[in-house]
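Take a look at the structure set out below.
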Amino acid sequence: MTASERVVEETVESRSDASTGEPAVAIDGLRKTFGSGPEAVTAVDGVSVGIERGSVVGLLGPNGAGKTTLIKSVLGMVVPDEGDVHIGGVDARASPRAAYADVDAMLEGARNDYWRLTVRENLRYFATISGVDPDSVAARHDRLLDRLDLTAKADVAVRDLSRGMKQKVSLASVLAGGASVVFLDEPTLGLDVESSRTLQRELRRLVAEEDLTVILSSHDMDVVERVCDRVIIMADGRVVADDSVDALLGVDDTHRLELTSADFDGDLLAALSQRAAVVDTEGLDRGGRVAVDADSDDLYSLMGALEDRGVTLESVQSVDRDLEAAFVDLTGTEGADP
């Protein structure tokens, strides 16, 4: 048996051993500090999360929240000061080969592909460095090319493809070796709306068909909201929210209304603030728009107060709460920047 054949055999055995009922990824008490003394910066501060198999989990947070350090610590690219990481029940520090045999990552968009190679050559190359004989997964590669609409471009050099196609090749390359846990950093970065939605749709389909577990980091809240089952939000090195997308969108069971009236002024705004949370105003000198967050009881009280004061409403518009609004509420910042 050759050395390369032994590597393939050991990798297959490791994958089989890691296939248990454990969470796909389990992080326990992870902590990482850079520097020392007064200038020390704690990038990850005691993070503990579990990610179930077959789920798509979004990782969000403002710049400096600790997302990148957390991902690199889980992938073994950064050694944490404290805490443990288990992949499929395997201790990543004690048995790295077994733990990472089924893990792959697409970092920084499409930069993980070799642009001088063709699409198919990239898939074969990345399967090989994953410890898999590329001939043994040729049918899988054909299936990936078909599902990502890349079959016609299979023998074209990646450098000659559009940005959207390159992103698809990156995703296919990550999956070429049969990884079941994948980390995706900004998978739709730089894509137009149509290409982005196509990639999102194909990702959801691949998750279902290939039984993938995906940890996705993106600055695009719409992508996270459409693709992810669950969202982890970090701030200052800690997890500040960890829940399903639906739960985060209805986290406080409130409704946001935008009210427009020529009768609005500063005094009326002060009175309204006693009955509901005023989150935004526009042009109140001579009437204008007021946005409020109110639960059912607040809403009845608010409308009663407006009626008592003889306010004529020109429009009332319900504004659906989105993930960005939840993010701002939880972190106090205006956007995610993975």
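Taking each full run of DSSP H in the chain as one helix, which ones are at least 30 Å long along their axis (Cα atoms) and have mean Kyte-Doolittle hydropathy of at least 1.6?
none
Pull up the DSSP beta bridges for the chain and report the antiparallel fraction as a percent, rounded to 5.
So the antiparallel bridges in the chain amount to around 70 percent.
Nearest 500 deg cm²/dmol is fine: what mean residue ellipticity at 222 nm does the chain get from its DSSP H runs of n ≥ 4 alone, each adding -39,500 (n - 2.57), divided by its residue count?
Taken over the chain, the calculation gives -11000 deg cm²/dmol.
Computed FRET efficiency, Cβ-Cβ of residue 244 and residue 277, R0 25 Å: what is it to the nearest 0.05?
0.55
Considering only 291, 92, 40, give the residue with the highest GNM mean-square fluctuation for the chain, with springs between Cα atoms whenever their separation is below 10 Å.
40
Among all the aspartates and glutamates, which ones have a C-alpha under 12 Å from residue 168's C-alpha, if same-chain residues fewer than 8 places away are not counted?
Excluding near neighbours in sequence, the set is 113, 146, 149, 202.
Apply the a/c threshold of 1.5 to the C-alpha gyration tensor of the chain and tell me whether it is rounded, prolate or oblate.
It is prolate, given that a/c is not under 1.5 and a/b is the larger ratio.
So who's got an amide H within less than 5 Å of the one on residue 44, skipping anything under 5 residues away but keeping other chains? H placed 1.01 Å off N, in plane.
32
Dipole magnitude of the chain about its Cα centre, charges +1 at Lys/Arg Cβ and -1 at Asp/Glu Cβ only, in debye to the nearest 20?
Charge dipole of the chain: 1540 debye, to the nearest 20.
Compute the distance in nm between two label points, each set 7 Å from the Cα along the Cα-to-Cβ direction, one at residue 133 and one at residue 205.
3.1 nm
Quick note: the coordinates plus some simple rules give every number you see, no bench work behind them. A quick note: this is a predicted structure, and the numbers were derived from the prediction, not measured. With ideal geometry, Cβ positions are generated from the backbone for all residues, glycine too; neighbour counts draw on all protein chains shown.
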